[in-house]
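Q: I have a structure I would like to understand better, so I am pasting it below and will then ask my questions one at a time.
The values are calculated or read from the model by the stated rules, or taken from the named source; none is laboratory data. From a predicted model like this one, the values you see are computed outputs, not experimental measurements. Here the Cβ positions follow ideal geometry from the backbone for every residue, glycine too, while neighbour counts run over all protein chains shown. Keep in mind that these areas ignore ligands, DNA and RNA; they rest on the heavy atoms of the full protein, side chains included. Shrake-Rupley method; radii C 1.70, N 1.55, O 1.52, S 1.80 Å.
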Amino acid sequence: MKKIISTLLAVIILLNFILCNESYVMAFQGTDSIGEDSITAKDQEMLVNEGKSEDKSGVIGNTIFGWNLLGNIFGTIAGILAVASNVFPLLIQTCMTMLTGTIGIFTIEKAVFNEIGIFNINYFNLKNTYELGTGANKKVISNSSLTKTVRKSIAEFYIIFRIFAIALSLLVLIYVGIRMALSTIASDKVKYKKMLIAWFESIIILFMMQYIISLIFKIGELFGNIMYDIKVILGDDASFEADIMDTLTSNFMGSSGWNYALNSVIYWFLVFIQTKFFLSYFRRLVTVGFLILISPIVTITYSIDKVGDGKAQAFSVWFSELAVNVFIQPIHALIYLVFMYTAGAIAKYSILVALLFLLSLTKVEKVVLQLFNLKNVTSLKPVEDERKGKGS
(Lines give C-alpha, C1' and ligand atoms only; values in the text may rest on other atoms or scores of the structure.)
Protein backbone atom coordinates (compact mmCIF):
# COMPACT_ATOMS: atom_id res chain seq x y z
CA MET A 1 0.00 0.00 0.00
CA LYS A 2 2.90 2.37 0.77
CA LYS A 3 4.38 1.73 -2.68
CA ILE A 4 1.05 2.49 -4.38
CA ILE A 5 0.62 5.77 -2.49
CA SER A 6 4.24 6.78 -3.17
CA THR A 7 3.82 6.00 -6.87
CA LEU A 8 0.60 8.04 -7.12
CA LEU A 9 2.23 10.99 -5.40
CA ALA A 10 5.26 10.82 -7.72
CA VAL A 11 3.11 10.59 -10.87
CA ILE A 12 0.85 13.49 -9.88
CA ILE A 13 3.75 15.74 -8.90
CA LEU A 14 5.64 14.85 -12.11
CA LEU A 15 2.65 15.54 -14.36
CA ASN A 16 1.95 18.73 -12.47
CA PHE A 17 5.45 20.00 -13.24
CA ILE A 18 5.57 18.76 -16.84
CA LEU A 19 2.13 19.68 -18.10
CA CYS A 20 1.37 22.80 -16.08
CA ASN A 21 4.14 25.15 -17.19
CA GLU A 22 4.22 28.87 -16.45
CA SER A 23 1.75 30.56 -18.77
CA TYR A 24 1.14 34.01 -20.15
CA VAL A 25 -2.04 35.73 -21.27
CA MET A 26 -2.92 37.42 -24.51
CA ALA A 27 -5.65 39.97 -24.19
CA PHE A 28 -6.66 41.43 -27.59
CA GLN A 29 -7.55 45.05 -26.97
CA GLY A 30 -7.84 45.99 -30.60
CA THR A 31 -6.74 44.47 -33.86
CA ASP A 32 -3.13 43.70 -33.03
CA SER A 33 -2.27 45.03 -29.56
CA ILE A 34 -1.35 42.71 -26.73
CA GLY A 35 -1.75 43.53 -23.05
CA GLU A 36 1.61 43.61 -21.28
CA ASP A 37 0.38 43.47 -17.69
CA SER A 38 1.75 40.56 -15.65
CA ILE A 39 -0.79 38.04 -14.37
CA THR A 40 -1.55 37.37 -10.72
CA ALA A 41 -1.28 34.07 -8.85
CA LYS A 42 -5.04 33.65 -9.15
CA ASP A 43 -4.87 34.14 -12.91
CA GLN A 44 -2.07 31.61 -13.19
CA GLU A 45 -4.03 29.02 -11.20
CA MET A 46 -7.01 29.56 -13.48
CA LEU A 47 -4.75 29.00 -16.49
CA VAL A 48 -3.35 25.76 -15.12
CA ASN A 49 -6.63 24.27 -14.00
CA GLU A 50 -9.25 25.84 -16.26
CA GLY A 51 -7.29 27.04 -19.32
CA LYS A 52 -8.40 30.65 -19.06
CA SER A 53 -7.63 33.84 -17.18
CA GLU A 54 -8.89 37.34 -16.73
CA ASP A 55 -6.50 40.29 -16.97
CA LYS A 56 -6.91 43.60 -15.18
CA SER A 57 -9.10 45.05 -17.94
CA GLY A 58 -11.62 42.24 -17.54
CA VAL A 59 -10.95 40.65 -20.93
CA ILE A 60 -10.81 36.87 -21.02
CA GLY A 61 -7.68 35.43 -22.61
CA ASN A 62 -6.42 31.95 -23.48
CA THR A 63 -3.00 30.38 -23.01
CA ILE A 64 -0.35 30.58 -25.69
CA PHE A 65 1.40 27.27 -25.19
CA GLY A 66 -0.06 24.01 -26.46
CA TRP A 67 1.28 22.22 -23.42
CA ASN A 68 -1.39 23.85 -21.28
CA LEU A 69 -4.20 22.49 -23.43
CA LEU A 70 -3.00 18.95 -22.71
CA GLY A 71 -2.46 19.86 -19.06
CA ASN A 72 -5.97 21.26 -18.83
CA ILE A 73 -7.49 18.06 -20.20
CA PHE A 74 -5.57 15.81 -17.83
CA GLY A 75 -6.13 18.23 -14.96
CA THR A 76 -9.88 18.22 -15.52
CA ILE A 77 -9.97 14.41 -15.67
CA ALA A 78 -7.79 14.13 -12.55
CA GLY A 79 -10.04 16.57 -10.70
CA ILE A 80 -13.20 14.66 -11.62
CA LEU A 81 -11.67 11.33 -10.61
CA ALA A 82 -10.43 12.86 -7.35
CA VAL A 83 -13.89 14.15 -6.45
CA ALA A 84 -15.40 10.71 -7.10
CA SER A 85 -12.66 8.79 -5.29
CA ASN A 86 -12.84 10.95 -2.15
CA VAL A 87 -16.09 9.19 -1.31
CA PHE A 88 -14.15 6.10 -0.18
CA PRO A 89 -11.82 7.69 2.42
CA LEU A 90 -14.73 9.82 3.62
CA LEU A 91 -16.81 6.66 4.06
CA ILE A 92 -13.96 4.90 5.90
CA GLN A 93 -13.44 7.89 8.18
CA THR A 94 -17.18 8.08 8.88
CA CYS A 95 -17.34 4.35 9.73
CA MET A 96 -14.39 4.64 12.14
CA THR A 97 -16.06 7.62 13.80
CA MET A 98 -19.38 5.81 14.18
CA LEU A 99 -17.81 2.59 15.49
CA THR A 100 -15.76 4.42 18.11
CA GLY A 101 -18.54 6.87 19.00
CA THR A 102 -16.18 9.83 18.95
CA ILE A 103 -17.28 13.45 18.76
CA GLY A 104 -16.19 14.99 15.47
CA ILE A 105 -14.00 12.56 13.54
CA PHE A 106 -11.79 9.67 14.60
CA THR A 107 -8.18 10.74 15.04
CA ILE A 108 -4.99 9.03 16.13
CA GLU A 109 -4.68 11.68 18.83
CA LYS A 110 -7.91 10.56 20.51
CA ALA A 111 -6.84 6.92 20.35
CA VAL A 112 -3.36 7.33 21.85
CA PHE A 113 -4.59 9.62 24.66
CA ASN A 114 -7.32 7.11 25.63
CA GLU A 115 -10.17 9.49 24.76
CA ILE A 116 -12.13 6.73 22.97
CA GLY A 117 -14.19 4.67 25.40
CA ILE A 118 -14.36 1.52 23.31
CA PHE A 119 -10.54 1.37 23.11
CA ASN A 120 -10.12 1.61 26.88
CA ILE A 121 -8.67 -1.82 27.77
CA ASN A 122 -9.44 -1.73 31.51
CA TYR A 123 -11.91 -4.61 31.45
CA PHE A 124 -12.28 -4.47 35.23
CA ASN A 125 -13.99 -1.08 35.00
CA LEU A 126 -17.70 -1.88 34.72
CA LYS A 127 -18.81 1.68 35.49
CA ASN A 128 -20.55 4.00 33.05
CA THR A 129 -17.58 6.37 32.90
CA TYR A 130 -13.84 6.61 33.46
CA GLU A 131 -11.58 9.60 34.08
CA LEU A 132 -8.63 11.03 32.20
CA GLY A 133 -6.06 13.42 33.61
CA THR A 134 -5.74 14.81 37.12
CA GLY A 135 -6.88 17.90 38.99
CA ALA A 136 -8.17 20.71 36.81
CA ASN A 137 -7.30 18.73 33.67
CA LYS A 138 -9.65 15.89 34.57
CA LYS A 139 -12.01 14.74 31.82
CA VAL A 140 -14.83 12.19 32.08
CA ILE A 141 -15.27 9.71 29.22
CA SER A 142 -18.45 7.65 28.86
CA ASN A 143 -18.45 3.90 28.29
CA SER A 144 -20.94 2.77 25.67
CA SER A 145 -23.48 0.03 26.34
CA LEU A 146 -21.57 -2.24 23.95
CA THR A 147 -18.35 -1.72 25.93
CA LYS A 148 -20.07 -2.56 29.22
CA THR A 149 -21.68 -5.67 27.70
CA VAL A 150 -18.34 -6.97 26.37
CA ARG A 151 -16.61 -6.34 29.71
CA LYS A 152 -19.37 -8.08 31.61
CA SER A 153 -19.03 -11.12 29.33
CA ILE A 154 -15.25 -11.17 29.83
CA ALA A 155 -15.74 -11.04 33.62
CA GLU A 156 -18.24 -13.91 33.58
CA PHE A 157 -16.03 -16.13 31.42
CA TYR A 158 -13.02 -15.24 33.57
CA ILE A 159 -14.79 -16.65 36.63
CA ILE A 160 -15.62 -19.86 34.70
CA PHE A 161 -12.03 -20.25 33.52
CA ARG A 162 -10.79 -19.58 37.07
CA ILE A 163 -12.96 -22.34 38.53
CA PHE A 164 -11.78 -24.67 35.76
CA ALA A 165 -8.15 -23.78 36.51
CA ILE A 166 -8.61 -24.46 40.23
CA ALA A 167 -10.07 -27.88 39.45
CA LEU A 168 -7.17 -28.75 37.13
CA SER A 169 -4.67 -27.49 39.70
CA LEU A 170 -6.11 -29.91 42.25
CA LEU A 171 -5.66 -32.75 39.75
CA VAL A 172 -2.05 -31.67 39.23
CA LEU A 173 -1.53 -31.70 43.03
CA ILE A 174 -2.92 -35.23 43.27
CA TYR A 175 -0.68 -36.34 40.41
CA VAL A 176 2.44 -34.82 42.00
CA GLY A 177 1.56 -36.34 45.38
CA ILE A 178 1.14 -39.83 43.90
CA ARG A 179 4.40 -39.60 41.98
CA MET A 180 6.27 -38.44 45.09
CA ALA A 181 4.86 -41.36 47.07
CA LEU A 182 5.77 -43.91 44.39
CA SER A 183 9.21 -42.52 43.59
CA THR A 184 12.15 -44.47 44.96
CA ILE A 185 14.95 -42.70 43.12
CA ALA A 186 16.38 -39.65 44.87
CA SER A 187 16.54 -37.58 41.69
CA ASP A 188 12.84 -38.19 41.00
CA LYS A 189 11.93 -37.19 44.54
CA VAL A 190 13.86 -33.95 44.15
CA LYS A 191 12.16 -33.35 40.83
CA TYR A 192 8.63 -33.78 42.20
CA LYS A 193 9.50 -31.79 45.31
CA LYS A 194 10.41 -28.85 43.03
CA MET A 195 7.17 -29.43 41.14
CA LEU A 196 5.22 -29.29 44.40
CA ILE A 197 6.86 -25.99 45.36
CA ALA A 198 6.11 -24.63 41.87
CA TRP A 199 2.50 -25.79 42.31
CA PHE A 200 2.14 -23.70 45.48
CA GLU A 201 3.55 -20.72 43.57
CA SER A 202 1.04 -21.28 40.75
CA ILE A 203 -1.87 -21.38 43.22
CA ILE A 204 -0.75 -18.09 44.76
CA ILE A 205 -0.48 -16.54 41.28
CA LEU A 206 -3.91 -17.92 40.36
CA PHE A 207 -5.63 -16.27 43.32
CA MET A 208 -3.60 -13.06 42.85
CA MET A 209 -4.05 -12.90 39.08
CA GLN A 210 -6.84 -10.30 39.05
CA TYR A 211 -4.77 -8.06 41.33
CA ILE A 212 -1.71 -8.44 39.08
CA ILE A 213 -3.76 -7.45 36.03
CA SER A 214 -5.37 -4.54 37.89
CA LEU A 215 -1.95 -3.28 38.99
CA ILE A 216 -0.69 -3.32 35.38
CA PHE A 217 -3.81 -1.43 34.28
CA LYS A 218 -3.37 1.16 37.05
CA ILE A 219 0.28 1.80 36.17
CA GLY A 220 -0.63 2.11 32.47
CA GLU A 221 -3.44 4.57 33.31
CA LEU A 222 -1.07 6.57 35.53
CA PHE A 223 1.39 7.12 32.67
CA GLY A 224 -1.48 7.74 30.26
CA ASN A 225 -2.94 10.45 32.54
CA ILE A 226 0.46 12.14 32.74
CA MET A 227 0.62 12.28 28.93
CA TYR A 228 -2.94 13.62 28.80
CA ASP A 229 -2.13 16.36 31.35
CA ILE A 230 0.84 17.45 29.24
CA LYS A 231 -1.42 17.56 26.16
CA VAL A 232 -3.92 19.78 27.96
CA ILE A 233 -1.14 22.09 29.15
CA LEU A 234 0.08 22.47 25.57
CA GLY A 235 -3.43 23.59 24.60
CA ASP A 236 -5.89 22.89 21.80
CA ASP A 237 -3.94 25.10 19.40
CA ALA A 238 -1.35 22.34 19.11
CA SER A 239 -3.79 19.79 17.66
CA PHE A 240 -1.77 18.21 14.87
CA GLU A 241 -4.38 16.29 12.88
CA ALA A 242 -6.87 19.15 13.23
CA ASP A 243 -4.40 21.46 11.50
CA ILE A 244 -3.96 18.94 8.69
CA MET A 245 -7.72 18.53 8.21
CA ASP A 246 -8.31 22.31 8.30
CA THR A 247 -5.60 22.84 5.69
CA LEU A 248 -6.98 20.06 3.47
CA THR A 249 -10.52 21.41 3.75
CA SER A 250 -9.31 24.89 2.82
CA ASN A 251 -7.36 23.48 -0.13
CA PHE A 252 -10.38 21.52 -1.37
CA MET A 253 -12.55 24.64 -1.27
CA GLY A 254 -10.11 26.76 -3.27
CA SER A 255 -8.60 24.33 -5.78
CA SER A 256 -9.48 22.31 -8.84
CA GLY A 257 -7.81 20.10 -11.41
CA TRP A 258 -4.33 18.84 -10.51
CA ASN A 259 -4.27 20.77 -7.23
CA TYR A 260 -7.50 19.09 -6.12
CA ALA A 261 -6.15 15.67 -7.16
CA LEU A 262 -2.93 16.19 -5.19
CA ASN A 263 -4.85 17.18 -2.07
CA SER A 264 -7.07 14.13 -2.55
CA VAL A 265 -4.06 11.81 -2.56
CA ILE A 266 -2.83 13.46 0.66
CA TYR A 267 -6.30 12.98 2.16
CA TRP A 268 -6.19 9.30 1.19
CA PHE A 269 -2.78 9.00 2.82
CA LEU A 270 -4.05 10.57 6.06
CA VAL A 271 -7.07 8.25 6.25
CA PHE A 272 -4.80 5.28 5.46
CA ILE A 273 -2.58 6.06 8.47
CA GLN A 274 -5.62 6.60 10.71
CA THR A 275 -7.09 3.27 9.56
CA LYS A 276 -3.86 1.46 10.49
CA PHE A 277 -4.05 2.87 14.01
CA PHE A 278 -7.76 2.06 14.25
CA LEU A 279 -7.12 -1.59 13.35
CA SER A 280 -4.08 -1.71 15.64
CA TYR A 281 -6.03 -0.46 18.66
CA PHE A 282 -8.96 -2.75 17.88
CA ARG A 283 -6.53 -5.68 17.74
CA ARG A 284 -5.04 -4.49 21.03
CA LEU A 285 -8.50 -4.44 22.63
CA VAL A 286 -9.24 -8.01 21.52
CA THR A 287 -5.76 -9.25 22.50
CA VAL A 288 -5.98 -7.89 26.06
CA GLY A 289 -9.44 -9.40 26.50
CA PHE A 290 -8.16 -12.77 25.34
CA LEU A 291 -5.11 -12.56 27.65
CA ILE A 292 -7.39 -11.87 30.61
CA LEU A 293 -9.55 -14.89 29.73
CA ILE A 294 -6.67 -17.36 29.48
CA SER A 295 -4.76 -15.99 32.49
CA PRO A 296 -6.13 -18.66 34.90
CA ILE A 297 -5.20 -21.42 32.42
CA VAL A 298 -1.63 -20.12 32.16
CA THR A 299 -1.08 -20.83 35.86
CA ILE A 300 -1.76 -24.53 35.33
CA THR A 301 1.34 -24.99 33.20
CA TYR A 302 3.44 -22.96 35.68
CA SER A 303 4.49 -25.91 37.83
CA ILE A 304 5.28 -28.12 34.82
CA ASP A 305 7.33 -25.43 33.04
CA LYS A 306 9.22 -24.49 36.22
CA VAL A 307 10.56 -28.02 36.76
CA GLY A 308 12.26 -28.31 33.36
CA ASP A 309 14.66 -25.35 33.31
CA GLY A 310 13.52 -23.33 36.31
CA LYS A 311 11.59 -20.87 34.09
CA ALA A 312 7.87 -20.57 33.50
CA GLN A 313 7.84 -19.84 29.76
CA ALA A 314 4.06 -19.69 29.34
CA PHE A 315 3.60 -17.26 32.22
CA SER A 316 6.54 -15.10 31.08
CA VAL A 317 5.16 -14.85 27.54
CA TRP A 318 1.68 -14.05 28.86
CA PHE A 319 3.01 -11.34 31.19
CA SER A 320 5.15 -9.68 28.51
CA GLU A 321 2.27 -9.73 26.01
CA LEU A 322 -0.09 -8.08 28.50
CA ALA A 323 2.49 -5.51 29.64
CA VAL A 324 3.40 -4.45 26.09
CA ASN A 325 -0.24 -4.15 25.03
CA VAL A 326 -1.03 -2.00 28.07
CA PHE A 327 2.02 0.28 28.00
CA ILE A 328 2.12 0.78 24.22
CA GLN A 329 -0.62 3.42 24.50
CA PRO A 330 1.32 5.82 26.79
CA ILE A 331 4.39 5.18 24.60
CA HIS A 332 2.37 6.24 21.54
CA ALA A 333 1.12 9.28 23.47
CA LEU A 334 4.66 10.29 24.40
CA ILE A 335 5.86 9.94 20.79
CA TYR A 336 2.84 11.92 19.62
CA LEU A 337 3.64 14.73 22.05
CA VAL A 338 7.31 14.88 21.08
CA PHE A 339 6.96 14.65 17.30
CA MET A 340 3.43 15.63 16.40
CA TYR A 341 2.96 18.74 18.50
CA THR A 342 6.47 19.90 17.70
CA ALA A 343 5.63 19.63 14.01
CA GLY A 344 2.11 21.05 14.39
CA ALA A 345 2.99 24.31 12.68
CA ILE A 346 4.33 22.40 9.67
CA ALA A 347 0.84 21.11 8.85
CA LYS A 348 -0.28 24.64 7.96
CA TYR A 349 2.41 24.99 5.29
CA SER A 350 3.52 21.51 4.18
CA ILE A 351 0.99 18.73 4.67
CA LEU A 352 3.21 16.05 3.10
CA VAL A 353 6.02 16.71 5.57
CA ALA A 354 3.48 16.70 8.40
CA LEU A 355 2.16 13.29 7.31
CA LEU A 356 5.70 11.93 7.25
CA PHE A 357 5.97 12.94 10.91
CA LEU A 358 2.69 11.14 11.55
CA LEU A 359 3.96 8.03 9.81
CA SER A 360 7.09 8.11 11.99
CA LEU A 361 4.93 7.01 14.94
CA THR A 362 5.14 3.41 13.73
CA LYS A 363 8.91 3.56 13.22
CA VAL A 364 9.71 5.08 16.61
CA GLU A 365 7.40 2.55 18.28
CA LYS A 366 9.49 -0.32 16.92
CA VAL A 367 12.71 1.33 18.10
CA VAL A 368 11.30 1.76 21.63
CA LEU A 369 10.13 -1.86 21.82
CA GLN A 370 13.45 -3.17 20.56
CA LEU A 371 15.29 -0.91 23.00
CA PHE A 372 13.54 -2.56 25.95
CA ASN A 373 13.83 -6.02 24.34
CA LEU A 374 10.08 -6.41 24.04
CA LYS A 375 8.08 -8.16 21.36
CA ASN A 376 6.45 -5.91 18.83
CA VAL A 377 3.00 -7.16 19.77
CA THR A 378 0.99 -4.12 18.71
CA SER A 379 3.16 -3.13 15.79
CA LEU A 380 1.14 -1.59 12.98
CA LYS A 381 2.83 -4.05 10.67
CA PRO A 382 1.29 -7.52 11.10
CA VAL A 383 3.39 -10.13 12.85
CA GLU A 384 2.79 -12.52 9.96
CA ASP A 385 4.80 -10.25 7.66
CA GLU A 386 7.78 -10.39 10.01
CA ARG A 387 7.61 -14.17 10.11
CA LYS A 388 7.52 -14.37 6.33
CA GLY A 389 10.53 -12.11 6.16
CA LYS A 390 12.48 -14.32 8.55
CA GLY A 391 11.46 -17.44 6.65
CA SER A 392 12.66 -16.03 3.36
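Q: Scan segment 132-161 for residues that are in a helix (DSSP H, G or I), open to solvent by 70 Å² or more (accessible area, probe 1.4 Å) and in contact (Cβ under 8 Å) with a residue 24 or more places away in the chain and jot them down.
A: From segment 132-161, those in a helix (DSSP H, G or I) are 135-137, 145-161; that's our starting set.
The next check asks that each one be open to solvent by 70 Å² or more (accessible area, probe 1.4 Å); those that pass are 136, 145-146, 149, 152, 156-157, 159-160.
Hits for segment 132-161 are 146, 152, 157.
Q: Scan segment 187-203 for residues that are among the hydroxyl-bearing types (Ser, Thr, Tyr), more than 22 Å from residue 318 (Cα to Cα) and open to solvent by less than 60 Å² (accessible area, probe 1.4 Å) and report the count. Walk me through how you get there before you give the answer.
A: Filtering segment 187-203 down to residues among the hydroxyl-bearing types (Ser, Thr, Tyr) leaves 187, 192, 202.
Then drop every residue that is not more than 22 Å from residue 318 (Cα to Cα), which leaves 187, 192.
Those still in the list that are open to solvent by less than 60 Å² (accessible area, probe 1.4 Å) too: 192.
Qualifying residue count for the region: 1.
Q: Do any helices (runs of 4 or more DSSP H) entirely within segment 66-127 hold 3 or more residues that are at pLDDT 80 or above and in contact with a helix residue (DSSP H, G or I) (Cβ under 8 Å, 6 or more places away or on another chain), and if so, which? Can you show your working first?
A: Details: elements: 66-85, 87-100, 108-112.
Of the helices (runs of 4 or more DSSP H) lying wholly inside segment 66-127, those with at least 3 residues that are at pLDDT 80 or above and in contact with a helix residue (DSSP H, G or I) (Cβ under 8 Å, 6 or more places away or on another chain) span 87-100, 108-112.
Q: Does residue 239 qualify as being at pLDDT below 85 and under 22 Å from the mean Cα position of the chain (by Cα)?
A: On the way: at pLDDT below 85: yes; under 22 Å from the mean Cα position of the chain (by Cα): yes.
Considered against the rule, which asks whether it is at pLDDT below 85 and under 22 Å from the mean Cα position of the chain (by Cα), residue 239 comes out as yes.
Here's the yes/no breakdown for (1) out of contact with any strand residue (DSSP E or B) (no Cβ under 8 Å at 6 or more places or on another chain); (2) hydrophobic (A, V, I, L, M, F, W, C); (3) more than 25 Å from residue 359 (Cα to Cα):
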{"position": "266", "(1), (2), (3)": "yes, yes, no"}
{"position": "277", "(1), (2), (3)": "yes, yes, no"}
{"position": "299", "(1), (2), (3)": "yes, no, yes"}
{"position": "317", "(1), (2), (3)": "yes, yes, yes"}
